[in-house]
Amino acid sequence: MMSYEIIGITVLWIFLYGYLIVASVDFGAGFFAYYAKVTKQDHIINQLISRYLSPVWEVTNVFFVFFFVGIVGFFPDSAYYYGSALLVPGSIAIILLAIRGSFYAFENYGSKQSIVYTFLYGATGLLIPASLSVALTLSEGGFIVEKNGVVSLQYQELFTSPLSWSVVGLSIVSVLFISAVFLTFYASRAKDYPALNLVRKFALFWSTPSIIAALTTFIFLSQHNERHYQNMLDLWWMFGLSVAFFMAATWLLYLGKNYGLAFISVMLQYFFAFFGYGIGHYPYILDPFIRIYDGATHPSMGIALVAAFIGGLLLLIPSLILLIKLFLFDAEYVKGKK
Amino acid sequence: MELDTVLMSRLLTAMTLGFHIIFATLGVGIPLLISIAEFIGIKKKDPHYRMLARRWARGFVISVAVGVVTGTAIGLQLSLVWPNFMQVAGNVISLPLFMEVFAFFFEAIFLGIYLYTWDRFKNQYIHWLFSLPIIIGGGFSAVFITMVNAFMNTPEGFAVEDGAFTAVNPLAAMLNPATPTKVFHVLSSAYLTCAAILAAITAFMILKKKTSDYYKKALKLTLTLTFIFAVVTAIAGDSSAKFLAEHQPEKLAAAEWHFETEEGADLILFGWLNDAHEAIGEIRIPNFLSFLAYGDFNAEVTGLEEVPEEEWPPLWVHYMFDLMVSIGFLLPAIALLYFFLSKLKKRNEHNKGMLSLIVLSGPLAMLGIEFGWIYAEEGRQPWIIRGYMTVEEAATSSPHIGLMFFLFLALYIVLGTLSIVTLRKIFKDNPAEEELEKQYPSVKKGDES
Ligand code: HDD
Ligand code: HEM
Ligand code: HEM
């Protein structure tokens, strides 16, 4: 029998992974839409992007809300430490998210297209992952200090740390890569060949930087948190699988076929890397302040949360399947005929 | 410095919640009205009502977008601004917060489906069915979040040992004494407000000389619903007051400037206080406070004297309470007047004065929501978890909170302005008459039906 703490962190990590994928698609698409507009290629891909994004953007946001409500629920101490330390970066991330979400609606439903909205939409798409990734960097320890009961963030250490910059770089590049591969798959389903050509080029372009950024982060992590790095080395097979799936995806993209499989490979690439990283982090949630066992909530609450989660899933999974069926796998809809 | 961060934390929270609640209220109530209109439209085979549903839904998208982003903001801010509160209360109250997310999730999925499948099904009832999960999702998110707020007022479901909360019982915390009346009142007032706002918009269009059957039907429907929900809201508000008298007497006493415990207490409306804590210039309704609190004109009502003075809520909440209650009586009165005029053969119920009153009732209803919340939250002062943790103990110690306040102020100004601009544009570029013709060519423009 797994303990509720482990179930809790596993569930949260799966949702964070889900957010990583769906949000990357969304964030990157915003950037590509802007890029296409500036380079006057928007007539080729923007129709495709908005057909996918319009029905699902709100769902994307809920993945994130789920994660942060869940982590405070399972590990209330994280509200105290992260909450105290992250007031400024957290507020900035909120503002960026707010601009992005609402401007998307203003532009799409407000009939007038504006280059300013598109720019903000594209720029926030890259800045949000960068600012959210700070939380992952902080969890490695060394950036948050507690003195006389006051928790504060060491801004100077954070801004001069090569680790934090490499994490920012990795998050941005990954967003662009994941998104481009997804759009390639979506364009191929829509049989929209001009768009397919363009987004496939994006995908191939961003593949190499994504793997380089991952390696750089790995190296800087080894200098910053030896324990975490050692744990990750013990999980070498997960990272090996991740690289293998990366190569499979790039190969398929290069060959120009089986884009669905290519996207699944990218998802698996990030799955193994993300879980390898997460398992290596164990037992800390925030090094050295919060550990999984002593930082967890009361057993009765933990069990109630797990029960609520199972009940929630029974409700959500059929609904999500319906959504995906109607908008992602309904060939007529994807082609723009509905 | 210490006090300043607390003050700024409170202001930031009040501002975010005060802004979010506008869109949250719309998010709870509008789906119900859309669904009712669509159902009538299908049932009566009347395209006017279906067009109504469509156009309301189109405006609703904008309010959802702002609701989602400000809701995300308040969700994160609870941890960022009140880390000590969340660390302690999170142990007891995270279950409803977590369940709220599922309610959103459910709502978000079906909203996406509903908005993009208007003409996709042959059987029109299938599309209508998709509105039900949206109503349920929105309603339940209000239920769960209100449970959290109820817990802050009458905390239950835990024991205290060495300053930490133990023996947690999440269900008892959710079903604390404040929950039933609060949930009832919050839901009914959200439905009331949305009906009143849609009535106001319709009346505004008619005032601008757009009298057509389409608008007249819309006005009649929305005003009928305003009246029904106003009555329900008053009943719910009355039970809230009875709850307060029993479980949180200092909040009711502060709202009523009721200092001494006495039998047959008078209800005090408006007025002001002199230095000796006596009301001046007030409207006094004899024995009515006892009736409001216990349903008995001679019952004994607890006064503020029984609470230490440093635990008194601010006495200005009196005005918030009075304004809310006044609005509670005005709204059904306006709706009644309209129906009264329409029964009189000689009178035109679409005259300027009547329509202006209806236009007014929309903003009034939203003000009722704001006054009600300010009363409820200020009336809990100085506590954040009543009896266990004060607001001062709960706030962040970060010195940057003041700066954050102004950042968010700027954000809300931009969001508020742009939502209004966008909404106006959506409906201006796309008048109902033209859209009716386009969607349902069989219907003629103008006054026929
Ligand atoms: C359109 C909005 C609206 C209207 C017309 C009314 N209320 Fe209200 N009231 C609310 C909107 C609201 C609210 C926003 O929903 C509050 C704030 C917190 C809460 O629980 O509900 C509230 C709180 C609230 C409370 C405090 C509950 C608590 O803190 O636990 C009381 C005693 C009343 N109301 C009583 C009334 C009465 C007697 C009304 C007479 C008709 C009335 N309200 C009309
Ligand atoms: C339903 C869940 C809610 C929760 C969990 C909640 C929580 C809080 C917290 C933590 C504070 C700061 C402490 C305090 O001053 O009391 C606060 C204050 C406040 N909240 Fe609420 N709130 C809720 C609902 C609302 C809503 C919907 C409004 C809408 C207007 C609101 C209005 C306010 C106001 C005006 C203050 C400031 C009080 C002050 O100045 O001290 N609250 N609330
Ligand atoms: C402390 C108080 C509150 C918190 C933490 C909170 C949190 C949130 C969050 C995170 C969202 C966005 C959900 C998404 O991503 O889809 C949201 C939206 C919403 N909130 Fe709040 N909220 C609070 C107060 C309230 C209150 C008092 C109500 C109702 C009376 C309410 C009703 C809603 C509704 C209906 C939405 C969805 C908007 C829509 O989709 O139409 N919230 N809230």
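The values are calculated or read from the model by the stated rules, or taken from the named source; none is laboratory data. Predicted model, so just to flag it, every value in this text is computed and none were measured. Every residue, glycine among them, receives a Cβ derived from its backbone with ideal geometry; neighbour counts consider all protein chains shown.
Of note:
- For the criterion of being more than 14 Å from every other protein chain (Cβ to nearest Cβ), more than 21 Å from residue A:45 (Cβ to Cβ), aromatic (Phe, Trp, Tyr) and surrounded by fewer than 17 Cβ atoms within 10 Å (Cβ to Cβ), residue A:218 fails.
- When residue B:63 is tested against (1) more than 8 Å from chain A (Cβ to nearest Cβ); (2) among the small types (Gly, Ala, Ser); (3) closer than 22 Å to residue A:305 by Cα, just one condition goes unmet, and that condition is (3).
- Qualifying residues in the stretch A:279-302 (those that are surrounded by fewer than 17 Cβ atoms within 10 Å (Cβ to Cβ) and more than 9 Å from every other protein chain (Cβ to nearest Cβ)) - the one modelled with the highest pLDDT: A:279
- Taken over the stretch A:296-328, the residue count meeting the criterion of being assigned to a loop (DSSP other than H, G, I, E, B) and out of contact with any Leu (no Cβ under 8 Å at 6 or more places or on another chain) is 3.
- Sole exception among (1) more than 14 Å from chain A (Cβ to nearest Cβ); (2) within 14 Å of ligand 3 (Cβ to nearest atom); (3) over 28 Å from residue B:205 (Cα atoms); (4) not small (Gly, Ala, Ser) for residue B:25, by number: (3)
- Residue within the stretch B:105-115 that is among the aromatic types (Phe, Trp, Tyr), within 14 Å of ligand 2 (Cβ to nearest atom) and on the phi < 0 side of the Ramachandran plot present: no
- Set side by side, the residues A:93, A:123 differ, and just one is among the hydrophobic types (A, V, I, L, M, F, W, C), within 17 Å of the chain's Cα centre (by Cα) and surrounded by fewer than 18 Cβ atoms within 10 Å (Cβ to Cβ), which is A:123.
- Residue list for the stretch B:66-100, filter: within 19 Å of residue A:307 (Cβ to Cβ), at pLDDT below 85 and either more than 13 Å from ligand 2 (Cβ to nearest atom) or surrounded by fewer than 24 Cβ atoms within 10 Å (Cβ to Cβ) (or both): B:91
- Filter result for residue A:321 (more than 12 Å from residue A:74 (Cα to Cα), surrounded by fewer than 19 Cβ atoms within 10 Å (Cβ to Cβ) and touching a residue at least 40 places away in the same chain (Cβ under 8 Å)): no
- Search result, residues across the stretch A:270-310 that are free of Cβ contacts under 8 Å to residues at least 24 places away in the same chain and in contact with a Lys or Arg (Cβ under 6 Å, 6 or more places away or on another chain): A:283
- Considering residues of the stretch B:161-215 that are surrounded by fewer than 24 Cβ atoms within 10 Å (Cβ to Cβ), touching a residue at least 60 places away in the same chain (Cβ under 8 Å) and polar (S, T, N, Q) only, the residue farthest from residue B:51 (Cα to Cα): B:181
- Residue in the stretch B:340-355 that is more than 14 Å from ligand 2 (Cβ to nearest atom), touching a residue at least 12 places away in the same chain (Cβ under 8 Å) and either closer than 30 Å to residue B:6 by Cα or within 27 Å of the chain's Cα centre (by Cα) (or both) present: yes
- Residue in the stretch B:45-52 that is closer than 17 Å to residue B:135 by Cα, more than 8 Å from ligand 3 (Cβ to nearest atom) and among the basic types (Lys, Arg) present: no
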